[in-house]
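Encoded as structure tokens, the structure appears first; notes follow it.
The values are calculated or read from the model by the stated rules, or taken from the named source; none is laboratory data. A quick note: this is a predicted structure, and the numbers were derived from the prediction, not measured. Quick reminder, even Gly has a Cβ in these numbers, built from the backbone with ideal geometry, and neighbours come from all protein chains shown.
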Amino acid sequence: MNSTSENIEQAVRAYNENEEYDVLFSGVIKVSGMEDPSTEAAYGHANRSEQVANRATTRFGIASGCKIFTAVAICQLVEQGKLAFDTKLSECSDVSFPKFDPSITVHHLLTHSSGVPDYFDEEVMDDFEELWRERPTYGMTEVSHFLPLFAEQSMKFAPGERFAYNNSGYILLGLIVENVSGLKFRDYVETHIFKSCGMTDSGYFRMDRLPERTALGYIDSEDGWKTNIFSLPVVGGPDGGAFTTAGDLDKFWNALLGYQLLSESLTQKLLSPQITEDENTAYGYGIWIGMNGKHVRCRYIMGFDPGVSMVSRVYADSGLRVHVLANIDGAAWQVAADVGASIRESK
């Protein structure tokens, strides 16, 4: 029977030896939630120029992995009676969207089924960097700064018609949080989620003002490694861009699953399938759900940006948690899947 440490090593070795991947794994892996003590392992460098190694306490960008924070914020406002899932966008936003369907609700936005135009439409675009070649990334500092990218465009489809992953929908949810709570979005999340969970190493840090122990995101270009500072907005928001550690992610899951952030009923609603992407994948509120027929196999958050790759997965049957945070492109998914599968097989 392999130990958890051996399972992690095997998964990283398999990634490094896979001909499909031309760079070595760089990041942190944490496994917890089982009877065994948590296990952590770090690989590669947080700063390649200075040869600073990644450590278990290194902070990483998590891209869209932080959509869950936006969803929790909305659910907290619902719980406070300041909002409802069937509240229409026009009723909780002080911005007018003349080309949007007036029937769009908070539920539609949370479940990527609103049909609003996406400023980065993953159905037709695959290069996130293209967005910023004509727009300075350092100017994207407020949630409202994203509105010119999509607010005047036409709907993609009628609200509720289907699932289509949508970053603009979460920008709109961030605006709703600001309008309803009276706080800036980042201030709300840092106060009512990060602080409540004890996530002292997490935040929406500026790319040009990163705190200690923060990994730089790296892109393997034709001319060698470069950082992602010009590839992403200078500071994150409701659709992505927060920084955290594997340990803080574990704290977040503890608080969420322990009903410290939301009541049990609202937590279960957030974690339950609200819409289906395909026969094996559903989506709750800000969270992906792996399905085996009608049975929930696992719940997870994930994020992928230039120089950013992360997956944080909780298995429903065992409580096993696997967090993989990487500061290179596309490294987290396969490693997380291999770690989870090998541990479950060995138990």
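Exactly one residue out of Phe163, Phe194, Phe157, Phe205 is closer than 26 Å to Ile328 by Cβ and in a loop (DSSP other than H, G, I, E, B): that is Phe205.
Of all the numbered requirements in (1) outside any helix (DSSP H, G or I); (2) at pLDDT 95 or above; (3) in contact with an Asp or Glu (Cβ under 9 Å, 6 or more places away or on another chain), Phe230 misses one, and that requirement is (2). Scanning region 81-121 for residues that are part of a loop (DSSP other than H, G, I, E, B) and of a type in the set (A, V, I, L, M, F, W, C) yields Leu83, Ala84, Phe85, Val95, Phe97, Phe100, Ile104, Val116, Phe120.
Annotation for region 170-185: at least one member residue is surrounded by fewer than 23 Cβ atoms within 10 Å (Cβ to Cβ), in a helix (DSSP H, G or I) and in contact with an Asp or Glu (Cβ under 6 Å, 6 or more places away or on another chain). Filtering region 276-287 to residues that are surrounded by 21 or more Cβ atoms within 10 Å (Cβ to Cβ) and not β-branched (Val, Ile, Thr) leaves Ala282, Gly284, Tyr285, Gly286.
Of the residues making up region 16-33, those that are within 16 Å of Gly44 (Cβ to Cβ), under 24 Å from the mean Cα position of the chain (by Cα) and either modelled with pLDDT under 95 or hydrophobic (A, V, I, L, M, F, W, C) (or both) are Tyr21, Val23, Leu24, Phe25, Val28, Ile29.
Per the listing Tyr283, Tyr259, Tyr315, the residue uniquely out of contact with any His (no Cβ under 7 Å at 6 or more places or on another chain), over 21 Å from Val12 (Cα atoms) and not charged (D, E, K, R) is Tyr259. Filtering region 172-229 to residues that are in contact (Cβ under 8 Å) with a residue 40 or more places away in the chain and of a type in the set (Asp, Glu) leaves Asp201, Asp208, Asp220.
Quick check on region 271-286. Is at least one of its residues at pLDDT 95 or above, over 21 Å from Asp118 (Cα atoms) and of a type in the set (Phe, Trp, Tyr)? No, region 271-286 contains no residue that is at pLDDT 95 or above, over 21 Å from Asp118 (Cα atoms) and of a type in the set (Phe, Trp, Tyr). Listed here are the strands (runs of 3 or more DSSP E) enclosed by region 288-347 that have at least 1 residues being of a type in the set (Gly, Ala, Ser) and over 19 Å from Thr244 (Cα atoms): 288-292.
Only residues that are surrounded by 22 or more Cβ atoms within 10 Å (Cβ to Cβ) and either under 25 Å from Phe230 (Cβ atoms) or among the aromatic types (Phe, Trp, Tyr) (or both) were counted across region 312-329, and they come to 4. Candidates are the residues of region 252-266 that are in contact (Cβ under 8 Å) with a residue 40 or more places away in the chain and not in a loop (DSSP other than H, G, I, E, B); the one that is surrounded by the most Cβ atoms within 10 Å (Cβ to Cβ) is Phe252. Among the conditions (1) outside any strand (DSSP E or B); (2) at negative phi; (3) surrounded by fewer than 18 Cβ atoms within 10 Å (Cβ to Cβ), Leu249 misses just one, which is (3). Within region 229-246, the only residue that satisfies the criterion of being surrounded by 19 or more Cβ atoms within 10 Å (Cβ to Cβ) and over 25 Å from Ala71 (Cβ atoms) is Ser231.
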